[in-house]
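Undergrad: Pasting a structure below so you can have a look.
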Amino acid sequence: MRRSGRKDYLSEFAETGRDFSETFNKIPLAFNLAWQDILSRYRGSVLGPWWITMMTMTLVLGLGINYAALFHQSIRELLPFVAIGLVMWGYLSASIAEGGDAFVLGAAMIKQSSIPLPLFILRCTIRNAINLAHQLVIIVAVLAWFQIFPGVNMLWALAGFIILVVNLSWVGLLLAMFSSRFRDMPQIVTAVLQLVFFLSPIFWKPPPALAHSLFVSANPFYFSIQSIREPLLHGVNPPQTLGFLLPMAVVGWAATILIYNQTRRRVVHYL
Amino acid sequence: MADITVSDLSLHFPIIGADSQSLKRYLKQVAIGGSLARQDRSSQPSLTALRNVNLKLGPGDRLGLIGANGSGKTTLLRCLAGAYAPDEGFVEVNGRVASLLDLSMGIDASATGLENIRLRGLVAGLTPKEIAAKTDEIADFSGLGPFLAMPMKTYSSGMQARLAFATATSVEAEVLLMDEWIAVGDAGFRAQAQERLTSMLERAHILVIASHEPSLVRSICNKVLRMDHGQASEVVDIVDMDELMARPAPGSTL
């Protein structure tokens, strides 16, 4: 291990590159940390993560059936829409909120070891993926109930999911860096996410009149969920997946790496 | 082979006041701007924690860091652990590092002793299989017996120290960094620890320990370095420790 003073702008990129390559060498550590997080969160609980599955299922049924009646839409159309929307939103919002806390949570380790910073974001990603795995049973159950078999279109949904994970990672890393310095960020992020949840067509279908409103036509949260939902429900791959979300992932990571390059030495001092 | 090289190491801490941790106030400052933003970013106040520290350690060296509170011992240990990046100079550590600077390592207090062993092993770079193979040895050395299955919050600080020490010395770490907490161990543990640390000489490992207790340093270390206000003396042999203590402090010539 060699650590030296900041030489010039370009040599910092070598250090940043080394941080990321070390992170990928330490995937078992990230996995075990994530597993340990889940064990401690649900210690003493009987059902563990299945509680969340139950709560989400109840919400899906409640919203799906009620809103179908309220807005004169068929349950067959609305319930799967709501199910996938709520499960994926749960994953998305938890990833963003917990991503911001990743460095604060790992403060003790950051302050006494050379574990690379991106590893803490990887830990968060894995932890949320494990939690998502427990919720997927809801989607499977709802699709099976309504006899919707996506077939090969599942590959498009998978592609959408992978792009979502890539986007959530850079957002997580960015927020983690800001949150280590500005301790208000997690609360602001939570408040914004709540607002986005209600304003975006996550659990309600947008009527054609709203098609030009920004919440429908320029909403990355909506696009992310649609990139998974549309292939599964209608066999359609929305153009925004490759046209908006993929460029967003590339630009997002580029910007995040530039900021990480500048900030990586400082994070430990903020914690 | 383990070795440590520190060359002209300097480290500054940015001073971030308690109230500037709030983004809201920061944004307000920016919005008001103009005459209130007198200080530009490059003149952010900072504290020099380490100044031109130099040292070289080879296999079998056990270095004691002595100095008053606030002299920079823990900061230097953190630089050796790789937590702080130097502002000037460089730190090079070859070999697997186990740092015993924070007993809990941030692990949740409800986690059991066994889970803690696993976590420490992973952080030190072992695979889960290797940890499983070593767990019995660690359990024996720690002397904690059935307590290993109980949550860490039921442990005294001495028990936590035993567990951390047992794990760190069993994971085949080639560099061991310790902050003064070995004092919380009882006499039996200290004797065991000393024996184990001495055996590290045979395995050509390196130990760096920060301590206030000269007798502890004398019993464990073969070299000593004195720190004062972020500045370090040269590394001297343990037999010259009294002479090192009698000299004026390294930072006093500033």
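Undergrad: If I filter the stretch A:95-102 for residues that are touching a residue at least 24 places away in the same chain (Cβ under 8 Å), over 18 Å from the mean Cα position of the chain (by Cα) and buried (at least 16 other Cβ atoms within 10 Å of the Cβ), do I get at least one hit?
TA: No, there is no match, as no residue in the stretch A:95-102 is touching a residue at least 24 places away in the same chain (Cβ under 8 Å), over 18 Å from the mean Cα position of the chain (by Cα) and buried (at least 16 other Cβ atoms within 10 Å of the Cβ).
Undergrad: Counting only residues that are within 14 Å of B:Ala173 (Cβ to Cβ), at pLDDT below 85 and either out of contact with any strand residue (DSSP E or B) (no Cβ under 6 Å at 6 or more places or on another chain) or away from chain A (no Cβ under 14 Å) (or both), how many does the stretch B:122-140 have?
TA: 4
Undergrad: For residues that are modelled with pLDDT under 80 and small (Gly, Ala, Ser), tally how many sit in the stretch B:194-222.
TA: 2
Undergrad: Among the residues that make up the stretch A:22-29, is at least one of them under 15 Å from B:Arg118 (Cβ atoms) and part of a helix (DSSP H, G or I)?
TA: Yes: the stretch A:22-29 contains one or more residues that are under 15 Å from B:Arg118 (Cβ atoms) and part of a helix (DSSP H, G or I).
Undergrad: Does A:Ile162 qualify as being at pLDDT 95 or above and buried (at least 21 other Cβ atoms within 10 Å of the Cβ)?
TA: Criteria not met by A:Ile162.
Undergrad: Another question about this same structure. (1) assigned to a loop (DSSP other than H, G, I, E, B); (2) touching a Lys or Arg at 6+ places or on another chain (Cβ under 8 Å): which one isn't true of A:Val236, the others all being true?
TA: Among (1) assigned to a loop (DSSP other than H, G, I, E, B); (2) touching a Lys or Arg at 6+ places or on another chain (Cβ under 8 Å), the lone unmet condition for A:Val236 is (2).
Undergrad: Would you confirm, using the coordinates I've provided, whether B:Ser110 is within 20 Å of B:Ser142 (Cβ to Cβ), within 8 Å of chain A (Cβ to nearest Cβ) and buried (at least 21 other Cβ atoms within 10 Å of the Cβ)?
TA: No: the conditions fail for B:Ser110.
Undergrad: Determine which member of the set A:Met185, A:Met177 is in contact with a Gly (Cβ under 9 Å, 6 or more places away or on another chain) and either within 14 Å of another protein chain (Cβ to nearest Cβ) or basic (Lys, Arg) (or both).
TA: A:Met185
Undergrad: Right, something else. Kindly indicate whether B:Leu103 is of a type outside the set (S, T, N, Q), in contact with a helix residue (DSSP H, G or I) (Cβ under 6 Å, 6 or more places away or on another chain) and part of a loop (DSSP other than H, G, I, E, B).
TA: yes
Undergrad: Follow-up question, since we're still on this one. So which of B:Ala85, B:Ala161 is within 17 Å of the chain's Cα centre (by Cα), crowded, with 17+ Cβ neighbours inside 10 Å and within 25 Å of A:Val267 (Cα to Cα)?
TA: B:Ala85
Undergrad: Let me ask you something else. Which residues, counting only those in the stretch B:79-107, are of a type in the set (D, E, K, R) and more than 7 Å from chain A (Cβ to nearest Cβ)?
TA: B:Arg96
Undergrad: State the number of residues belonging to the stretch B:105-116 that are modelled with pLDDT of 85 or more and of a type in the set (Val, Ile, Thr).
TA: Adding up the residues that qualify gives 1.
Undergrad: Which of the residues spanning the stretch B:38-89 are of a type outside the set (Ser, Thr, Tyr), part of a helix (DSSP H, G or I) and modelled with pLDDT of 85 or more?
TA: B:Lys73, B:Leu76, B:Leu77, B:Arg78, B:Cys79, B:Leu80, B:Ala81
One line per residue, one yes/no per condition, for (1) of a type in the set (Ser, Thr, Tyr); (2) more than 11 Å from every other protein chain (Cβ to nearest Cβ); (3) in contact (Cβ under 8 Å) with a residue 40 or more places away in the chain:
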residue: A:Glu15; (1), (2), (3): no, no, yes
residue: A:Asn25; (1), (2), (3): no, no, no
residue: A:Ala30; (1), (2), (3): no, no, yes
residue: A:Leu39; (1), (2), (3): no, no, no
residue: A:Leu47; (1), (2), (3): no, yes, no
residue: A:Phe81; (1), (2), (3): no, yes, yes
residue: A:Met88; (1), (2), (3): no, yes, yes
residue: A:Ala108; (1), (2), (3): no, no, no
residue: A:Lys111; (1), (2), (3): no, no, yes
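Undergrad: Name the pairs: first residue in the stretch A:139-167 and touching a residue at least 40 places away in the same chain (Cβ under 8 Å), second residue assigned to a helix (DSSP H, G or I) and surrounded by fewer than 16 Cβ atoms within 10 Å (Cβ to Cβ), Cβ to Cβ under 7 Å, at least 6 apart or on different chains?
TA: A:Phe146/A:Arg76
Undergrad: When you check A:Phe215 against the structure, is it in contact with a helix residue (DSSP H, G or I) (Cβ under 7 Å, 6 or more places away or on another chain), surrounded by 12 or more Cβ atoms within 10 Å (Cβ to Cβ) and within 30 Å of A:Gly17 (Cα to Cα), yes or no?
TA: So A:Phe215 does not fit the description; no.
Undergrad: Here is a further query. Tell me the residue from A:Gly85, A:Gly106, A:Gly48 that is at pLDDT 95 or above, touching a Lys or Arg at 6+ places or on another chain (Cβ under 9 Å) and not acidic (Asp, Glu), please.
TA: Exactly one of A:Gly85, A:Gly106, A:Gly48 is at pLDDT 95 or above, touching a Lys or Arg at 6+ places or on another chain (Cβ under 9 Å) and not acidic (Asp, Glu), namely A:Gly85.
Undergrad: Right, next: Could you pull out the residue among A:Val171, A:Val216 that is hydrophobic (A, V, I, L, M, F, W, C), closer than 23 Å to A:Phe71 by Cβ and within 20 Å of the chain's Cα centre (by Cα)?
TA: A:Val216
The values are calculated or read from the model by the stated rules, or taken from the named source; none is laboratory data. In this text, all values refer to a predicted model and were calculated from it rather than measured experimentally. We place every Cβ from the backbone using ideal geometry, glycine too, and count neighbours over all the protein chains shown.
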